[in-house]
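Provided herewith is a single structure, encoded as structure tokens, for subsequent inquiry.
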């Protein structure tokens, strides 16, 4: 869209989730409960992993970073959503809209993976490389978006500041921004997807070699829950970022899936189905009760 004689927009207005105040009140209570459970679940997993020596292993080291990432991500998106549900003022400034985007990009394009047989230096190197690449990519996309001009239209057809929802509001040429966004997301998301694919190929092969039917069933049950979480996360994120922005309820559902649901279920999937974590949680609670007495 060409830049003409327009007044420059410095703030945006989020789309209302419902025109009915009572419905918005119910949604506020629902998302507040989800947010508090997400905080509690991920903080609990972080605390258990840090405090129990039995969990000082590569797998739980990566899980702790995943929980920290989920804490950052949900604390970027959900408080703003709750504020907009409770307040009549649905506006947000351009700078405030772009500021939290590195957290979102890090969560979408660089979810952390874990390995089983790795040294401490390799684990730390992989984590720092993941965080570093994520924030570098996010910085590039955010700086490019910061140079865009927004004119006349300022109603965003979404409930949070995501770049695909910002681009249609700009009166600048967004082709470069869109190309950089797509290329960076494809490059890094595809790389992690390939790692997941090869990892699960090896896992399935190992499971099939288990002689015990009960053992195979239990292993498949655990892996299937992990894989389902990964598929739902990547699937909803890909569809949200690569489909044309139209402000339909489908976009809302996809965004809720990867920004609200995934951070909530990750600690449940990786802790409640893990006997080692459950035992560590039990020890931590028993120790806490003993100290309290």
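The values are calculated or read from the model by the stated rules, or taken from the named source; none is laboratory data. Computed from a prediction, not measured in an experiment: that's the story for all the values here. Cβ placement follows ideal geometry from the backbone for every residue including glycine, while neighbour counts extend to all protein chains displayed.
Determine the pairs where a residue that is more than 23 Å from residue 230 (Cα to Cα), located within segment 195-217, has a partner that is modelled with pLDDT of 75 or more and surrounded by 10 or more Cβ atoms within 10 Å (Cβ to Cβ) with Cβ atoms under 8 Å apart, the partner being 6 or more residues away or on another chain.
Final answer for the pair search is 210/216.
In segment 46-65, is there at least one residue being farther than 16 Å from residue 280 by Cα, without any contact (Cβ under 8 Å) to a residue 60 or more places away in the chain and surrounded by fewer than 15 Cβ atoms within 10 Å (Cβ to Cβ)?
No, every residue in segment 46-65 fails to be farther than 16 Å from residue 280 by Cα, without any contact (Cβ under 8 Å) to a residue 60 or more places away in the chain and surrounded by fewer than 15 Cβ atoms within 10 Å (Cβ to Cβ).
So which of 26, 76 ends up being over 12 Å from residue 260 (Cβ atoms) and either surrounded by fewer than 17 Cβ atoms within 10 Å (Cβ to Cβ) or at pLDDT below 90 (or both)? Steps first, please.
Details: 76 fails: over 12 Å from residue 260 (Cβ atoms).
Checking each option against the conditions leaves just 26.
Report yes if some residue within segment 145-168 is under 27 Å from residue 57 (Cα atoms), modelled with pLDDT under 75, under 16 Å from the mean Cα position of the chain (by Cα) and not in a helix (DSSP H, G or I); otherwise report no.
no
Between 246, 271, which is part of a helix (DSSP H, G or I) and either touching a strand residue (DSSP E or B) at 6+ places or on another chain (Cβ under 6 Å) or modelled with pLDDT under 80 (or both)?
Of the residues listed, the single one that is part of a helix (DSSP H, G or I) and either touching a strand residue (DSSP E or B) at 6+ places or on another chain (Cβ under 6 Å) or modelled with pLDDT under 80 (or both) is 271.
In segment 121-150, what residues are in contact with a strand residue (DSSP E or B) (Cβ under 6 Å, 6 or more places away or on another chain) and free of Cβ contacts under 8 Å to residues at least 40 places away in the same chain?
Once the filter is applied, which keeps residues that are in contact with a strand residue (DSSP E or B) (Cβ under 6 Å, 6 or more places away or on another chain) and free of Cβ contacts under 8 Å to residues at least 40 places away in the same chain, segment 121-150 yields only 148.
While we're on this one: Select, from 126, 139, 85, the only residue that is part of a helix (DSSP H, G or I), under 18 Å from the mean Cα position of the chain (by Cα) and either modelled with pLDDT of 65 or more or crowded, with 21+ Cβ neighbours inside 10 Å (or both).
139
Of the residues 187, 195, 264, which single one is over 28 Å from residue 151 (Cβ atoms) and touching a helix residue (DSSP H, G or I) at 6+ places or on another chain (Cβ under 8 Å)?
Just a single option satisfies the conditions, and that option is 264.
Next question, about the same structure. So, of the residues in segment 101-123 that are over 22 Å from the mean Cα position of the chain (by Cα) and in a loop (DSSP other than H, G, I, E, B), which turns out to be modelled with the highest pLDDT?
Here the answer is 119.
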